[in-house]
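This report refers to the structure that appears directly beneath it.
The values are calculated or read from the model by the stated rules, or taken from the named source; none is laboratory data. Values in this document were obtained by computation on a predicted structure and should not be read as measured data. Glycine gets a Cβ as well: all are built from the backbone with ideal geometry, and neighbour counts include every protein chain shown. The area values use the complete protein model at the heavy-atom level, side chains included, leaving out ligands, DNA and RNA. Shrake-Rupley method; radii C 1.70, N 1.55, O 1.52, S 1.80 Å.
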Amino acid sequence: MDSLTAEQRAEIDACILAGDIIVAIDLIMVACGVGLRAAADMNRIRYHQLRVERAAEFARSDEEYWSGYSECPFEAMARDL
C-alpha cells in the first residue's frame, strides 16, 4: 500500500474506521491491483496500524468490528495451510 496516493489511503482508512470492511477490501484490490486474499491481508494490516495510530476514531471494539465479517471459507482455509 506504499504506492497509494494520499487520497486513496484516506478513502481506504475512512472505510476501515467506519467498519466498511468489504468496501475497504474492494478499494485495496482496485488501487493496488491485487486479488482478494492479498487485499484482505492488506486490510487487516492497515486495520491494526489504525488501531494503534488512531484508536479514538473507532466507535466499536475489536471484537464488535469483526463480528459481521466472514472470510470466504476457501480463503480462510488457505490462510491456515
Name, by its number, the condition in (1) within 11 Å of the chain's Cα centre (by Cα); (2) at pLDDT below 85; (3) not β-branched (Val, Ile, Thr) that does not hold for Ser67.
-> (1)
Tell me which residues, restricted to segment 40-66, are part of a helix (DSSP H, G or I), small (Gly, Ala, Ser), touching a helix residue (DSSP H, G or I) at 6+ places or on another chain (Cβ under 9 Å) and over 18 Å from Gln8 (Cβ atoms).
-> none
All positions within segment 37-71 that are open to solvent by less than 40 Å² (accessible area, probe 1.4 Å) and of a type in the set (Ser, Thr, Tyr) | Tyr47, Tyr65
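How many of the residues in segment 18-36 are surrounded by 17 or more Cβ atoms within 10 Å (Cβ to Cβ) and in contact (Cβ under 8 Å) with a residue 24 or more places away in the chain?
From segment 18-36, those surrounded by 17 or more Cβ atoms within 10 Å (Cβ to Cβ) are 19, 21, 24-25, 27-29, 31-32; that's our starting set.
If we keep only those that are in contact (Cβ under 8 Å) with a residue 24 or more places away in the chain too, we end up with 19, 21, 28, 31-32.
Going through segment 18-36 one residue at a time, the tally reaches 5.
Suppose we keep only residues that are of a type in the set (D, E, K, R) and assigned to a helix (DSSP H, G or I) within segment 1-17. Which one would you say is least open to solvent (accessible area, probe 1.4 Å)?
Here is the first cut: in segment 1-17, the residues of a type in the set (D, E, K, R) are 2, 7, 9, 11, 13.
Those left that are additionally assigned to a helix (DSSP H, G or I): 7, 9, 11, 13.
On the way: Glu7: 150, Arg9: 66, Glu11: 97, Asp13: 8 Å².
Here the residue is Asp13.
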